[in-house]
1. How would you rank 103-112, 142-151, highest first, on the average number of other Cβ atoms within 10 Å across their residues?
2. Say a paramagnetic label sat at a point 7 Å from the Cα of Arg170, along Cα to Cβ; which residues of the stretch 118-155 have their backbone N under 13 Å from it?
3. Could you list, bin by bin from short to long, the percent of Cα-Cα pairs of the stretch 102-204 in 10 Å steps?
4. Determine the relative contact order of the stretch 143-193: mean sequence separation of Cα pairs under 8 Å and six or more apart, normalised by residue count, in whole percent.
5. How many nm is it between the label spots at Ser77 and Tyr65, if each spot is 7 Å from the Cα in line with the beta carbon?
6. Near Lys165, which lysines are there with a Cα under 16 Å away, not counting those fewer than 8 places off in the same chain?
7. Going through the cross-link list Lys141/Lys201; Lys141/Lys172; Lys94/Lys169, which pairs have a Cα-Cα distance over 32 Å in this structure?
8. Give me the one-decimal nm value for the distance between modelled label points at Asn149 and Asn86, 7 Å along each residue's Cα-to-Cβ direction.
Amino acid sequence: MILIKSTQPRHYPRRYRRYYLSLLSLLLTALLIAPSVFSAQTSDPELLRILRNTVNQADSFDDRYDAEVWLLTKSNSLARFLPDKNRRLELLRKIHRAATKADLQPEIVLALIEVESHFDPYAVSYAGAQGLMQIMPFWKKEIGRPDDNLIDTDTNLFYGCTILKHYLKREKGRLADALARYNGSYGQYWYSERVLLAWEKRWR
């Protein structure tokens, strides 16, 4: 069988030509915009210095590049809650480490903290819950560590991530149910929806 390769130009339907032209226009626009966006994000020498120092201390990332991208992206989202760049990146490093150690998605933990305390490490609820992840003091007695300071960031993250992971296992991976248990509103989903909305809006 002989295959004859046509030398005639292909004539695509008009709707396909419009599609390809639109796609080409979008690609060209992205190429023009991308350098300016990258420059805007990395032109701050102080931020670059802090970012490098934080990345060098970050031991929960598989790759240095992943660490830089994640920290910089999440730092931009966290700025509305925590203006200080150094504190932002240090907190993000700790959150990523604690979440990863508990086998949780750091982005979900970020969303939970936003809802619980708005990233205020000194927050105390009317019920007595403390710190970033709003841990109830009775947990200290439950695990035999009555002297733990729940305002301490690392301690608070350890408790919060461990508790959330426990509920996630208990609910066989059903995140909405695990979040409801974390909040003490099991059977209702208003709290889970708030956390997932924050995740969708800022942290995913």
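1. My ranking of the peptides, most packed first, is 103-112, 142-151.
2. 139, by backbone N distance to the label point.
3. 16, 50, 31, 3
4. Values: 37 pairs, mean separation 10.6, N = 51.
RCO, the stretch 143-193: 21 percent.
5. It is 2.2 nm.
6. Candidates past the 8-residue exclusion: Lys101.
7. Too far apart for the 32 Å limit: Lys141/Lys201.
8. Using points 7 Å along Cα→Cβ, the separation is 1.9 nm.
Throughout, read-outs are computed from the coordinates displayed, never taken from laboratory work. The structure displayed is predicted, hence computed values, not measured ones. Cβ: placed from backbone, ideal geometry, glycine included. Neighbour counts: every protein chain shown.
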